[in-house]
1. Quick one: in the stretch B:97-120, of everything that is hydroxyl-bearing (Ser, Thr, Tyr) and in contact (Cβ under 8 Å) with a residue 24 or more places away in the chain, which residue is surrounded by the fewest Cβ atoms within 10 Å (Cβ to Cβ)?
2. Looking at the stretch B:73-96, which of its residues are buried (at least 18 other Cβ atoms within 10 Å of the Cβ) and either touching a helix residue (DSSP H, G or I) at 6+ places or on another chain (Cβ under 7 Å) or within 21 Å of A:GLY76 (Cα to Cα) (or both)?
3. Looking only at the stretch A:23-49, count how many residues are of a type in the set (A, V, I, L, M, F, W, C), outside any loop (DSSP other than H, G, I, E, B) and under 22 Å from A:TRP123 (Cβ atoms).
4. State all residues of the stretch A:27-52 that are of a type in the set (Gly, Ala, Ser) and free of Cβ contacts under 8 Å to residues at least 60 places away in the same chain; if no residue qualifies, say none.
5. Scanning the stretch A:43-62 for residues that are of a type outside the set (Ser, Thr, Tyr) and in contact with a helix residue (DSSP H, G or I) (Cβ under 7 Å, 6 or more places away or on another chain), which turns out surrounded by the most Cβ atoms within 10 Å (Cβ to Cβ)?
6. Any idea which residue in the stretch A:1-25 is farthest from A:ASP55 (Cα to Cα), counting only those that are free of Cβ contacts under 8 Å to residues at least 24 places away in the same chain and aliphatic (A, V, I, L, M)?
7. Scan the stretch A:1-11 residue by residue and report those that are at pLDDT 95 or above and either more than 13 Å from the chain's Cα centre (by Cα) or surrounded by fewer than 17 Cβ atoms within 10 Å (Cβ to Cβ) (or both).
Amino acid sequence: MNEYEIRELCEVFFDAYQDGRVDVLDRVLADDCIIWHNVFGRETTRDENLARYPDSYVGQRRRTYNDRIVNTFHDGFVIQYTLNGVMHTGHKGALWICIVAQCRDGKITRIDEYMDSSKFAAWMGGPR
Amino acid sequence: MSAVDTRHRRLCHTLFDAIEQGDIAAVDACYAPEMTMWFNVTGQTSTREENLAALTTGKGLHRRRTYNDRQIRTFDDGFIAQYTCHVVAHNGAQVALSACLVAEVHDDKIVKLFEYLDSGKFGARR
């Protein structure tokens with residue numbers, strides 16, 4: 001994949017996450033894709049991740065993936081972004097996240113996600 | 001592997017080795033004068049001088065800090081390092097933090113650093 005194809009894949013992936021397009025996520029994640037989160041320190045499979053997608057929206061009215069800074073390397077990309085959320089209470093929260101992704105044949109094969117769990121309460125509008 | 005890739009990788013290792021060894025002069029040599037660092041835990045951007053001062057202060061806070069499992073990838077004007085920071089406190093307690101550093105590099109000097117880690121793990125000692 002060249003740089004433009006990798007950037008396009010990155011944008012498609014994040015737009016799909018933002019718009020709740022599980023069908024698109026299903027298409028751009030390789031069958032053997034692994035997702036690792038620094039907060040949990042463990043890997044999940046593509047199917048586990050897709051199955052949990054609806055639950056990840058609980059309590060939230062809207063989520064947008066903004067301020068995307070994308071850099072590519074020969075077999076993947078790194079994206080730094082702000083996840084802005086609006087809760088059903090009207091509370092607005094933001095999380096700063098960095099994802100390193102590996103890509104092959106037009107699909108994402110691995111995602112490593114870095115964020116700060118100490119911001120979760122403020123994100124949801126709970127006690128800070 | 002291109003020359004730029006090799007230089008960026010070397011710069012990344014030089015930075016981590018220097019921090020590990022508490023060699024602040026060597027860290028300074030990796031930075032451009034206008035270097036800034038943004039940290040996801042504080043959401044703040046610090047200057048080169050502030051960063052060097054924090055590293056100097058931080059040297060004595062722990063018995064040992066090592067930057068392991070370095071996975072480095074490079075792009076034209078920077079690099080990404082995914083690593084595990086192993087901290088050994090003076091009382092022997094240990095903690096491992098999985099972190100990611102994104103660096104912007106110009107003329108073989110780091111001009112911007114972005115660090116992402118989970119501060120919720122700070123107290124997770126064993």
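1. This residue is B:SER119.
2. B:ARG73, B:THR74, B:PHE75, B:GLY78, B:PHE79, B:ILE80, B:ALA81, B:GLN82, B:TYR83
3. Final tally of qualifying residues: 3.
4. Those that are of a type in the set (Gly, Ala, Ser) and free of Cβ contacts under 8 Å to residues at least 60 places away in the same chain: A:GLY41, A:ALA51.
5. In this case the residue turns out to be A:LEU50.
6. Going through the qualifying residues, I end up with A:VAL12.
7. A:ASN2, A:GLU3, A:TYR4, A:GLU5, A:ILE6, A:ARG7, A:GLU8, A:GLU11
Yes/no per residue for (1) in a strand (DSSP E or B); (2) surrounded by fewer than 18 Cβ atoms within 10 Å (Cβ to Cβ):
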position: A:THR64; (1), (2): yes, yes
position: A:ASN71; (1), (2): yes, no
position: A:ALA94; (1), (2): yes, yes
position: A:ALA122; (1), (2): no, yes
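The values are calculated or read from the model by the stated rules, or taken from the named source; none is laboratory data. These figures come from a predicted structure and were not determined experimentally. All Cβ positions, glycine included, derive from the backbone under ideal geometry; neighbour counts span all protein chains shown.
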